[in-house]
Amino acid sequence: MKVNHHALELESSYLFSEVARRLRVFQQENPERALLKCSIGDVTRPLPRIIADALKEAAEEMAHPETFRGYGAEQGEPFLRQAISGYYAQRGLQIDPDDIFISDGAKSDLGNLCDLFDADNTVLLPNPVYPVYYDTSIMSGRRVVFLDGTQENGFLPMPDESVSADIIYLCSPNNPTGAVYSREQLAAWVQYALARKAVILFDAAYESYIRDPELPHSIFEIPGAQQCAIEINSLSKMAGFTGVRCGWTVVPAALQLDGASLHAMWLRRMSTKYNGTSYIIQRAAQCVFSAEGQAAVHADIAYYMENAHILKAALTRAGIWTTGGDNAPYVWLKAPDGQGSWEFFDKLLHTYGIAGTPGAGFGTAGEGYLRFSSFGTRETVQAAAALLETL
Ligand code: PLP
């Protein structure tokens with residue numbers, strides 16, 4: 001018996017576990033001090049009432065013989081795929097419900113999509129970026145190359161003709177930098193992928209936070225994307241579903257690569273290894289896309305974006321360089337005086353009791369930066385902002 005040695009190549013301490021460990025130690029050593037968590041990547045607002053009611057109603061259906069449901073439709077319930085297709089249609093996009101696969105969230109699909117591709121592929125990743133793309137590529141034994149985000153390119157690396165890649169992960173709005181690709185920039189990525197017969201895995205988990213009407217929410221707003229891209233999305237941050245678990249992935253029927261239909265392959269893969277998202281949760285997800293559901297989740301999104309605004313304003317007043325936070329729930333800031341990410345993390349924690357997430361944990365290009373999340377409560381954010389102004 002041999003284990004997957006690529007899995008052993010992962011660094012033992014996943015970023016968020018190390019942050020959690022340091023916060024635990026801080027609290028043990030300073031039980032009397034308040035901890036202001038601006039590191040949190042999890043939502044804090046409860047589910048909107050209308051969505052919680054949809055959950056309850058669906059649970060009740062399960063208790064009656066006439067409405068009880070067992071295994072569901074393999075790709076996800078048609079009512080939900082229709083609702084998601086309607087969500088795209090509101091922005092003028094035609095996404096066939098047959099191209100939509102319901103999942104238990106974006107993270108699973110971002111990792112599982114690797115099952116569709118040969119191990120002998122090169123993966124291109126922006127740096128810094130959500131660590132799951134890297135870890136999952138390493139686990140499956142693939143070569144990884146990076147394109148660096150910098151202050152100069154606005155943390156939006158663009159295709160480099162001298163770099164060849166087969167699988168490209170893009171995250172827009174970006175976690176951790178909050179940067180969002182423009183339509184022209186995404187068009188350049190689509191051209192690059194089409195020219196190389198590469199595939200783009202487009203993570204749109206934060207698209208509902210985009211405020212600027214000029215910015216694209218979906219890769220499918222770009223002509224040609226149906227021939228080279230898969231889009232992964234989630235209700236985690238859009239609707240407070242981090243604990244409820246539901247997302248979706250669009251694999252266009254038009255996506256043919258290496259002589260194979262990725263849509264047919266993904267359907268085969270999902271029906272082999274996944275037995276579907278709970279019916280109850282799919283009913284709650286359907287409610288998210290109703291007019292009342294959208295109004296409710298947008299009120300929570302506005303709350304988090306106001307948090308981002310408060311944090312950003314305080315940092316700016318303290319003379320700290322920031323980006324992000326305008327079209328994403330993350331503010332990306334530069335550690336002052338040339339401090340390293342973990343050094344500044346420790347300083348903020350021990351001097352002010354404020355927790356951020358060290359940029360270096362998202363890739364080498366994140367060194368010297370820190371991420372603040374706007375998912376905390378208003379009280380936490382206001383208390384942190386008041387302290388930050390004294391930096
Ligand atoms: N993609 C990005 C960029 C994320 O930041 C996250 C969660 O933090 C996910 C995907 C995972 O989301 P889910 O809860 O749907 O698995």
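The values are calculated or read from the model by the stated rules, or taken from the named source; none is laboratory data. Note that the coordinates shown come from a computational prediction; the quantities given were computed from them, not determined experimentally. Cβ placement follows ideal geometry from the backbone for every residue including glycine, while neighbour counts extend to all protein chains displayed.
Taking interchain pairs and intrachain pairs at least six residues apart, which have beta carbon atoms under 7 angstrom, with the first residue in region 1-18 and among the small types (Gly, Ala, Ser) and the second at pLDDT 85 or above?
Every condition considered, the pairs that remain are Ala7/Met139.
Which condition number in (1) under 21 Å from the mean Cα position of the chain (by Cα); (2) modelled with pLDDT under 95 is the one that Glu74 fails?
Every condition holds for Glu74 apart from (1).
Before we move on, is Gln191 more than 18 Å from Asp258 (Cβ to Cβ) and assigned to a helix (DSSP H, G or I)?
Details: more than 18 Å from Asp258 (Cβ to Cβ): yes; assigned to a helix (DSSP H, G or I): yes.
Yes.
Is there any pair with a first residue in region 48-77 that is closer than 29 Å to Arg269 by Cβ and a second that is of a type in the set (Lys, Arg) and not in a loop (DSSP other than H, G, I, E, B) whose Cβ atoms are under 6 Å apart and which are 6 or more apart or on different chains, and what are they?
These pairs meet every condition: Ala58/Arg283.
Which one of these is in a loop (DSSP other than H, G, I, E, B), within 16 Å of the ligand (Cβ to nearest atom) and not aromatic (Phe, Trp, Tyr): Ala328, Ala284, Ala253?
On the way: Ala284 fails: in a loop (DSSP other than H, G, I, E, B); Ala253 fails: within 16 Å of the ligand (Cβ to nearest atom).
Criteria check complete, one pass: Ala328.
If I filter region 240-254 for residues that are among the polar types (S, T, N, Q), in contact (Cβ under 8 Å) with a residue 60 or more places away in the chain and surrounded by 22 or more Cβ atoms within 10 Å (Cβ to Cβ), do I get at least one hit?
Residues of region 240-254 among the polar types (S, T, N, Q): 242, 249.
Checking which are in contact (Cβ under 8 Å) with a residue 60 or more places away in the chain leaves us with 242, 249.
Next, from what is left, pick out any that are surrounded by 22 or more Cβ atoms within 10 Å (Cβ to Cβ): 249.
Scanning region 240-254, I find at least one residue that is among the polar types (S, T, N, Q), in contact (Cβ under 8 Å) with a residue 60 or more places away in the chain and surrounded by 22 or more Cβ atoms within 10 Å (Cβ to Cβ), so the answer is yes.
Do you know which residues across region 340-374 are in a loop (DSSP other than H, G, I, E, B) and over 18 Å from Ser17 (Cβ atoms)? Reasoning before the result, please.
Of all residues in region 340-374, those in a loop (DSSP other than H, G, I, E, B) come to 340, 353, 356, 363, 367-368, 374.
Hits for region 340-374 are Gly340, Gly353, Glu367, Gly368, Ser374.
Residues checked against (1) farther than 22 Å from Ala205 by Cα; (2) of a type outside the set (Asp, Glu); (3) under 17 Å from the mean Cα position of the chain (by Cα); (4) surrounded by fewer than 21 Cβ atoms within 10 Å (Cβ to Cβ):
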{"position": "Pro329", "(1), (2), (3), (4)": "no, yes, yes, no"}
{"position": "Arg378", "(1), (2), (3), (4)": "yes, yes, no, yes"}
{"position": "Ala384", "(1), (2), (3), (4)": "yes, yes, no, no"}
{"position": "Leu388", "(1), (2), (3), (4)": "yes, yes, no, no"}
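Looking at the structure I just gave you, is Ile232 part of a strand (DSSP E or B) and touching a residue at least 24 places away in the same chain (Cβ under 8 Å)?
On the way: part of a strand (DSSP E or B): yes; touching a residue at least 24 places away in the same chain (Cβ under 8 Å): yes.
It is true that Ile232 is part of a strand (DSSP E or B) and touching a residue at least 24 places away in the same chain (Cβ under 8 Å).
Taking the condition of being within 13 Å of the ligand (Cβ to nearest atom) and either part of a strand (DSSP E or B) or under 30 Å from Phe79 (Cβ atoms) (or both), how many residues in region 89-129 meet it? Outline the logic, then answer.
So in region 89-129, the residues within 13 Å of the ligand (Cβ to nearest atom) come out as 102-113, 125-126, 128-129.
When the remaining residues are screened for being either part of a strand (DSSP E or B) or under 30 Å from Phe79 (Cβ atoms) (or both), the result is 102-113, 125-126.
Number satisfying all stated conditions: 14.
I need the full set of residues from region 194-208 which are within 11 Å of Tyr169 (Cα to Cα) and among the aromatic types (Phe, Trp, Tyr), in order please.
Matches in region 194-208: Phe202 only.
Every residue in region 196-218 that is within 22 Å of Trp248 (Cα to Cα) and either not in a loop (DSSP other than H, G, I, E, B) or not assigned by TED's automatic domain parsing to the domain that holds Trp266 (or both), please.
Hits for region 196-218 are Val199, Ile200, Leu201, Phe202, Asp203, Glu207, Ser208, Tyr209.
Looking at region 302-331, which of its residues are more than 16 Å from Gly376 (Cβ to Cβ) and among the hydrophobic types (A, V, I, L, M, F, W, C)?
Taking region 302-331 as the starting set, the residues that turn out to be more than 16 Å from Gly376 (Cβ to Cβ) are 316-323, 326-327.
Of everything in region 302-331, those that are more than 16 Å from Gly376 (Cβ to Cβ) and among the hydrophobic types (A, V, I, L, M, F, W, C) turn out to be Ala318, Ile320, Trp321.
Considering every residue within region 307-324, establish whether at least one is in contact (Cβ under 8 Å) with a residue 24 or more places away in the chain, surrounded by fewer than 23 Cβ atoms within 10 Å (Cβ to Cβ), under 30 Å from Val190 (Cα atoms) and outside the structural domain of Pro78 (by TED's automatic domain parsing).
Checked region 307-324: at least one residue is in contact (Cβ under 8 Å) with a residue 24 or more places away in the chain, surrounded by fewer than 23 Cβ atoms within 10 Å (Cβ to Cβ), under 30 Å from Val190 (Cα atoms) and outside the structural domain of Pro78 (by TED's automatic domain parsing).
Residues to consider are Ile40, Ile84; find the one that is out of contact with any helix residue (DSSP H, G or I) (no Cβ under 7 Å at 6 or more places or on another chain) and not in a loop (DSSP other than H, G, I, E, B). Walk me through it before giving the result.
Details: Ile40 fails: not in a loop (DSSP other than H, G, I, E, B).
Only one candidate qualifies: Ile84.
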